[in-house]
1. Which members of the stretch 129-143 meet the condition of being without any contact (Cβ under 8 Å) to a residue 24 or more places away in the chain and open to solvent by less than 30 Å² (accessible area, probe 1.4 Å)?
2. What is the one condition in (1) under 17 Å from Phe49 (Cα atoms); (2) under 14 Å from the mean Cα position of the chain (by Cα) that His159 does not satisfy?
3. In the set Arg65, Arg117, Arg91, Arg112, which member is without any contact (Cβ under 8 Å) to a residue 12 or more places away in the chain and either open to solvent by 80 Å² or more (accessible area, probe 1.4 Å) or under 19 Å from the mean Cα position of the chain (by Cα) (or both)?
4. Among the residues of the stretch 153-177, which ones are of a type in the set (Gly, Ala, Ser) and either on the phi > 0 side of the Ramachandran plot or open to solvent by less than 20 Å² (accessible area, probe 1.4 Å) (or both)?
Amino acid sequence: MNTPPHTAQRRRWLAGALAASAAAGAGGWAWWSSQAPHRGDGDVWQHTFDTPEGAPLALGSFQNRPLVLNFWATWCPPCIAELPLLNTFFRENAAQGWQVLGLAVDQAPAVRAFLARRPLDFPVAVAGLAGNELARTLGNLGGGLPFTVVFGANGEILHRKMGRLTAENLQQWAALR
């Protein structure tokens, strides 16, 4: 039995509309979940990672003050490009209580070599693949880098940013606390 042309066309239109609606819903959910302030995964403060030199660095030591947590890697060009901005932000805002932590989704030897060439004023820890898992719990479902999470002094996630930071991002965040 042949389907009349107008019925087949109507079915294609309906299928397209349903697909577009599903894509819009998924996109809206992704945008909302990346923007909506909420308490971070309570477990985030329980994590401990090693510094590039091998000393333990507990994320819990960053509680009760605003924190910019930046996930990066030595092999990620946008990550490398934004590190000087984060370093300047740290130097200019540490006196106001702001903290910055660079969490390298990388290997310690690569991070040590990088920091020997381009030292940073803020602390850096090496998370390896565990950094991807932590980033996912904080809203980075795709695992891309760079990824930055801004925590208020009360531990609430104030903002998340996927991709390279700008000076304007950091200026806006400095006002959040």
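The values are calculated or read from the model by the stated rules, or taken from the named source; none is laboratory data. Quick caveat, the model's predicted, so the values are computed rather than measured. Cβ placement follows ideal geometry from the backbone for every residue including glycine, while neighbour counts extend to all protein chains displayed. Protein only, heavy atoms only, side chains kept; ligands, DNA and RNA dropped before computing areas. Shrake-Rupley method; radii C 1.70, N 1.55, O 1.52, S 1.80 Å.
1. Of the stretch 129-143, the ones without any contact (Cβ under 8 Å) to a residue 24 or more places away in the chain are 133, 136, 142-143.
Matches in the stretch 129-143: Gly143 only.
2. Of the numbered conditions (1) under 17 Å from Phe49 (Cα atoms); (2) under 14 Å from the mean Cα position of the chain (by Cα), the odd one out for His159 is (1).
3. Arg117
4. If the condition is that a residue be of a type in the set (Gly, Ala, Ser) and either on the phi > 0 side of the Ramachandran plot or open to solvent by less than 20 Å² (accessible area, probe 1.4 Å) (or both), then Gly155, Gly163 are the ones that fit.
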